[in-house]
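The block underneath contains the structure these notes are about, expressed in structure tokens.
The values are calculated or read from the model by the stated rules, or taken from the named source; none is laboratory data. The structure presented is a predicted model; accordingly, all values stated were derived computationally and were not measured. Cβ: placed from backbone, ideal geometry, glycine included. Neighbour counts: every protein chain shown. Quick note on the areas: whole protein, heavy atoms, side chains included, nothing else; ligands and nucleic acids left out. Shrake-Rupley method; radii C 1.70, N 1.55, O 1.52, S 1.80 Å.
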Amino acid sequence: MENATLNDEYGYVKDSKVFLKGYLEFPDRQIGEVKRTEQEAIDYFKNRFNIVLNKVEQLEQEIDEALNKGSYLTKLIQLQRKLKGFDALGDFVPLLQRLEEKEEYLKGLIEVNQLKNLEIKRALIEDVKVAAAIEDYTAATDQIQEIKAKWIRTGPVEKEYQEEVETTFQTILDDFFQRRRDYFDEQNKINQFRIEEYEKLIKITKTLSYSRDLDDAYQKAREVRNAWNNIGEVPPKRFFKVNKAYRHFLKLFYDKYNLAKGIEPKVRVDPRIVEQQKLLQQAEVLLRAPDIIEASQEAKVLLSKWKEIKIPFKMADKELAERFRMVCDKIFELSYLARVISRKYPAFELKSPEEQLRTKYRELEWLAKREKSDLEFAILEFDRTATGDPEQDKQAAGRINIQKRKVQMKEKILSEFERKLKTITG
């Protein structure tokens, strides 16, 4: 400070250079140079002190208001480091003390949280052990995914325990998924063997219609049926394909046999299928109801009744189910459109039939565009986050399929509106 030409409480000017006076363990430090006058230089660096003062106050406020206060520790340490090298004139000691107090406070919170996190993660390790022991791999996978999501949401633990808990948890997951892969590999082999057995029986059934001895062929058909029922289950989609072929060739044979024997076959319809047919008829009536909003509530009841009817996959009428689903979808889409129209156009009923139809078309067209945009985003998000495991991606894929169905139904109704408009306008 000797030979200083201008002295201030926190700094001084010497040889046209501005110095900050030493404090705590820090020595005097040059922070700038005199550009015009010494007093202007001193005032400039005193004003710069307000920058760090504001930063400290802002950080304190953010910490006080934050829910996850521990996440601010790194930011605080960075600000401490910045203060110690910041070029300004002012009393840095109280600011550093305030930051040190906040640092101790945050470290205390983090320590408490890390202890809680360790307790939570150890409990999750026990949970995942139980889930990994479940024999039903689908149910086990669902539980493990839930536990894994909780694990990810749980914050870090103390470093000395970090490797232990992470390694233990991951080892259980790796072991489970390896066992699951082995299990499904074995299941795939079994399924492939069963499919091949089904295909052998289909070939035998195909030859029955060419047999000259129909009685012998009839006996073989009974033997094939018994063998077919004893092969065992395969995935529904694969069974549907082979079963369709088997039923086709079996029907060809029985048609020929019945014709030759003069037998009039009685078609027996499963009572559960009959019940589903009744539900479809009721849904079709609702679709023509004058109050489509009220009809949509009744359609929900029909959906619940449909779900209560349990039919084995082999016996299910896929076409019937698809028709019922489409009718219900149409009711729900028209109901939603009616609610939108009712909200936006109070005097809708006063419009001419043509104007009503045009209004419906415009609103549904906008809804379809929005739904399509949402679908495109959902597909992109699914592609980004998909694991490649059908079981894990099942829920997300299901939601996308529902969105696709909604878009398709909206577009179908739009086409119907368009045809009606052409008819009205001639």
CD proxy at 222 nm, helix term only [per DSSP H run n ≥ 4: -39500 (n - 2.57); per residue of the chain; nearest 500]:
-26500 deg cm²/dmol
Identify the residues of the range 105-147 with backbone N under 18 Å of a label point that sits 7 angstrom from the Cα of T385 along the Cα-to-Cβ direction, or state none.
142-147
With unit charges on the beta carbons (Lys and Arg positive, Asp and Glu negative) and the dipole taken about the Cα centre of the range 285-426, which residue among V327, F377, W366 sits farthest to the positive side?
V327
Candidate lysines for bridging to K46, where Cα separation is under 30 Å - those fewer than 8 sequence places away on the same chain excluded
K14, K17, K21, K35, K55, K75, K82, K84, K102
Would you mind checking the pairs K244/K300; K318/K406; K266/K318; K237/K261 and listing those with alpha carbons more than 27 angstrom apart?
K244/K300; K237/K261
Run the numbers on the range 29-188 and let me know its relative contact order in percent, using alpha-carbon pairs under 8 Å that are six or more apart.
20 percent
Here are a few candidate values for volume of the Cα convex hull per residue in Å³: (1) 299; (2) 148; (3) 290. Which one was actually calculated from the structure I just gave you?
(1)
At 7 Å along Cα-to-Cβ for each site, give me the label-to-label distance between E354 and K55 in nm.
7.1 nm
Accessible surface of L259 in the full protein assembly, 1.4 angstrom probe, to the nearest 10 Å²?
150 Å²
Apply the a/c threshold of 1.5 to the C-alpha gyration tensor of the range 265-404 and tell me whether it is rounded, prolate or oblate.
oblate
Mean Cβ neighbour count within 10 Å, used as a protection proxy, ranking 71-77, 40-46 highest first
40-46, 71-77
Only Lys, Arg (+1) and Asp, Glu (-1) charged, at Cβ; the chain dipole about Cα centre in debye
3320 debye
Determine ³J(HN,Hα), in whole Hz, for all residues of the range 77-89 in sequence, where each value follows from phi through the Karplus function 6.51 cos²θ - 1.76 cosθ + 1.60 and θ = phi - 60°; x replaces Gly and Pro.
5, 5, 5, 4, 5, 5, 4, 5, x, 7, 8, 6, 10
Fraction of accessible area attributable to carbon and sulfur, the chain (%, probe 1.4 Å):
51 percent
Give a residue-ordered list of calculated ³J(HN,Hα) values for the range 23-29 (Karplus: 6.51 cos²θ - 1.76 cosθ + 1.60, θ = phi - 60°; whole Hz; x for Gly, Pro).
8, 6, 8, 8, x, 4, 9
Cα shape, the range 163-319, gyration tensor, a/c 1.5 rule:
oblate
How charged is the neighbourhood of K129? Take every other residue with its Cβ under 12 Å from the Cβ of K129, and add Lys/Arg as +1 and Asp/Glu as -1.
-2
Any idea how far apart F177 and L214 come out in nm if each label point goes 7 Å out from Cα toward Cβ?
6.0 nm
How would you order 303-312, 105-114 from highest to lowest mean count of nearby Cβ atoms within 10 Å?
105-114, 303-312
Leaving out ligands and nucleic acids, note down the accessible area per residue over the chain with a 1.4 angstrom probe, in whole Å².
66 Å²
With Cα atoms, 0 to 90° folded angle of helix 271-287 axis to the chain main axis
60 degrees
The range 266-282 to the range 100-164: how many Å between their Cα centroids?
52 Å
In whole Å, what is the distance between the alpha-carbon centres of the range 167-199 and the range 1-75?
66 Å
